[in-house]
There are 2 protein chains.
Amino acid sequence: MSAQPASEGDLDLALRALADPNRRAILGVMRTGPRAVGQIATELGLSQQTTSHHLGVLRAAGLASRTKDGTRHLFAVSTDGLGAVRSYLDDFWPTKLVALKSAVEGRAGADRG
Amino acid sequence: MSAQPASEGDLDLALRALADPNRRAILGVMRTGPRAVGQIATELGLSQQTTSHHLGVLRAAGLASRTKDGTRHLFAVSTDGLGAVRSYLDDFWPTKLVALKSAVEGRAGADRG
DNA sequence: TGTGAGTACAAACAGTCGTTTGTGCTACCC
DNA sequence: GGGTAGCACAAACGACTGTTTGTACTCACA
């Protein structure tokens, strides 16, 4: 088992991590497969330190996972953090909102549209 | 047909808007129905100006819509901006990633979904 | 064991963002 | 029409954060 990702802290970490364009670009690079830090840095034109920092943020947010391969650290996309965001968004979707509305009104909600 | 919400600008606005806890709290309040600015401010313990500012950010990001009712401005959740985020996340979700993950681990993962 | 590649850690700087304070504007009420 | 409630706009302040620069650490290799 894994989940219970809907905690406020995890959601906050994931959303703040996704708010940065460079971090999204890094996720885009890792999307096609695991990449080393230097590889990502070169591909995006970022410095090694900046890339490492962003990868640390992504990892802390559960959006990336690290795998050491010799001296290279391979990073890949992790859906752990994405799950928190996704379930959060789902709660705002119209279908859910209709059900929620009914629940809030508490009644059989036939009186109002 | 309306969409094409996946533009980088829209996605960036939506994610940066969602990155703030107070703005998410505002969305949480509006989730049960449209609310006035003062109502939201009182309910969350924020100042009127701060609340108005955050609502402006949410509106610019397509996450909230405004409806004037007399002197009161009613804000409600809008799924326009949420769609951009959702479709962005979906690109990381598909079974591709699961297969990719298996590839990363180096073995043919036979786990289920 | 010595060398080099690859990466993380730490401090300083600069830009951005959220909050506060002050004010002007619009719509309702008497 | 005068008074008031409700909200947005604008500037200043403080805090957070992304980037840079410098450095220490680990692992592969000869």
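How far is B:GLU43 from itself in the other copies, in nm, if each label sits 7 Å out from Cα along the Cα-Cβ line, shortest first?
Those label-point separations list as 4.3 nm.
Using protein heavy atoms only (no ligands, DNA or RNA), what is the total accessible area buried between A and B, 1.4 Å probe, nearest 100 Å²?
So the total buried area for this chain pair works out to about 2900 Å².
Can you list the distances in nanometres, one decimal and ascending, from the B:ASP90 label point to the identical position in each other copy, with the point 7 Å along Cα to Cβ?
Nearest first, the other copies' label points are 1.4 nm away.
Can you sort A:ARG72, B:ARG23, B:ARG66, A:ARG86 by 1.4 Å-probe accessible area, starting with the largest?
If we order A:ARG72, B:ARG23, B:ARG66, A:ARG86 from most to least accessible, we get A:ARG72, B:ARG66, A:ARG86, B:ARG23.
What accessible area per residue comes out for the range B:5-60, rounded to a whole number of Å², with a 1.4 Å probe?
Result: 46 Å² per residue.
Quick check: at a probe of 1.4 Å, how many percent of the accessible area of the range A:8-105 sits on carbon and sulfur atoms?
Answer for the range A:8-105 is 51 percent, counting heavy atoms of protein chains only.
Give the Cα extents of the range A:8-105 along the principal axes, in whole Å, largest first.
Ordered largest first, the range A:8-105 gives principal extents of 58, 24, 23 Å.
Looking only at other chains, what is the average number of their beta-carbon atoms within 10 angstrom of each beta-carbon in A:84-91?
If you average over the peptide's residues, the count of other-chain Cβ atoms is 4.
Which whole number gives the average, over all residues in B:16-25, of C-beta atoms from other chains lying within 10 Å of the residue C-beta?
Mean inter-chain Cβ contacts per residue within 10 Å come to 4.
Output, in nm with one decimal and in ascending order, the distances from the A:GLY56 label point to the matching label points of the other copies (7 Å from Cα along Cα-to-Cβ).
Label point to label point, same position, other copies: 3.5 nm.
The values are calculated or read from the model by the stated rules, or taken from the named source; none is laboratory data. Computed from a predicted structure; not experimentally measured. When we count neighbours, we look across all protein chains shown, and the Cβ atoms used for this are built from the backbone with ideal geometry, even at glycine. Surface areas here come from the heavy atoms of the whole protein model, side chains and all, with no ligands, DNA or RNA. Shrake-Rupley method; radii C 1.70, N 1.55, O 1.52, S 1.80 Å.
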